[in-house]
1. If you scan the stretch 5-33, which residues turn out to be of a type in the set (S, T, N, Q) and not in a loop (DSSP other than H, G, I, E, B)?
2. Answer yes if at least one residue in the stretch 208-228 is touching a Phe, Trp or Tyr at 6+ places or on another chain (Cβ under 7 Å), modelled with pLDDT of 85 or more, within 27 Å of residue 161 (Cβ to Cβ) and assigned to a helix (DSSP H, G or I), and no otherwise.
3. Quick one: is residue 81 surrounded by 16 or more Cβ atoms within 10 Å (Cβ to Cβ), in contact with a helix residue (DSSP H, G or I) (Cβ under 6 Å, 6 or more places away or on another chain) and on the phi < 0 side of the Ramachandran plot?
4. I need the full set of residues from the stretch 259-301 which are among the basic types (Lys, Arg), under 30 Å from residue 129 (Cβ atoms) and without any contact (Cβ under 8 Å) to a residue 24 or more places away in the chain, in order please.
5. Kindly indicate which of 355, 338, 309 is in contact (Cβ under 8 Å) with a residue 40 or more places away in the chain, at negative phi and touching a strand residue (DSSP E or B) at 6+ places or on another chain (Cβ under 6 Å).
6. Restricting to the stretch 1-34, give me the number of residues that are among the basic types (Lys, Arg) and more than 24 Å from residue 74 (Cβ to Cβ).
7. crowded, with 19+ Cβ neighbours inside 10 Å, hydrophobic (A, V, I, L, M, F, W, C), within 26 Å of residue 24 (Cβ to Cβ) and modelled with pLDDT of 95 or more: does that describe residue 92?
8. Name the residues in the stretch 15-29 that are surrounded by 12 or more Cβ atoms within 10 Å (Cβ to Cβ) and free of Cβ contacts under 8 Å to residues at least 24 places away in the same chain, would you?
Amino acid sequence: MKNYDIAAYIWPAYTGDEPRTRTFWPEGIGEWQSVKNAVKKQPGHDWPRKPLWGYVNEADRYVMEMQIAAAADHGVNVFIYDWYWYDRRPFLEGCLNDGFLKAQNRDRMKFYLMWANHTVNNTWDIRNSDDFSNVIWDGAVDRGEFNIIVKRVIERYFSQPNYYKIDGCPVFMIYDLHNLIRGLGGVDNTRRAFEFFRSRTVKAGHRGLHLQLTAWSENAVNLSGVDSTAQGTTRRAVSLLGFNSISHYQFVHFVDIDRDYRAILADVQREWERIDRDYAGIPYFPHISVGWDNNPRFNSFRPGIVKGNTPEAFEEGLIMAKQYIDTHSLPAPLITLNSWNEWTETSYLQPDDLNGYGYLEAVKRVFLK
């Protein structure tokens, strides 16, 4: 049977080890605080939910050894770590550095980074989350900061033996194209910054750099309450900047999610067809999201909730992504999933008291027959 690279995003906020997390989650357990305190807000709302593994510290290597084993046993063989840089220093690196990279069984799992360079407002702090106007950290960086980031990423992560590569090139994903270009001062300056990144990667002994972009809709808007507004088409920017591939991060970024999951999948299929047509020559790696409901982050009820996203319906999405891989000539058999642990957005593979191991079992049925 053909092997597939099943890559699940990781939101590295389920730890209180880093002092700056107390700004948002003063209980000292990271965003587990919001999960633990979530309540049912209206009839039919599927909260609260409880993690079967408990409110574990994912910056603990013993915890990650358990999670790596569970992921790999069910066919998830790549983790994509959301990686942050705010206030001239990294943020939330502990889950990767102290958890995953120190796990004794880390060789069972590849990983790569998605630079989550969005601007931070009050969304992570449920005490103030109904007010989006306050900017805590700007996700845009200038060229000097960019160069520091390049050095850190190459030396600390690209050198890891299980860093995920395509054609021998480390994969590095960028989330917010709007913020990137804004901080670097335009498309031309961004292109020069990428040329520097590529040259330093080669100088470090790698074959090259595989730059991947998080795709939104062509006129993307802020739907999640966290991400900075990213307006305008991306097709020309992708070509001008020389991105090697694109994928998605979440269905909420490009389809109406306030409806049944199978209806959403039909629109996702149409979006893939549009990408094939409009982005000819730029590989697209298919993406499947588990669901969407970010009410655990807010006091008031937030409309816009995926419905009917059972493990069986999710499995249909996985089959759809598998068929895409099987019918396209791509540089890698990569499928991205949202996510391993986005509990406060209700889009996670980890087992809970509602579906048990259902989502993981769906991955196993499709990819580990």
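1. 21, 23, 33
2. no
3. The answer is yes for residue 81.
4. The answer is none; no residue qualifies.
5. 338
6. Number satisfying all stated conditions: 2.
7. Answer is yes for this residue.
8. Listed by number, the residues that qualify are 22, 26, 27, 28.
The values are calculated or read from the model by the stated rules, or taken from the named source; none is laboratory data. Values in this document were obtained by computation on a predicted structure and should not be read as measured data. Here Cβ is always computed from backbone atoms with ideal geometry, including for glycine, and neighbour counts include all displayed protein chains.
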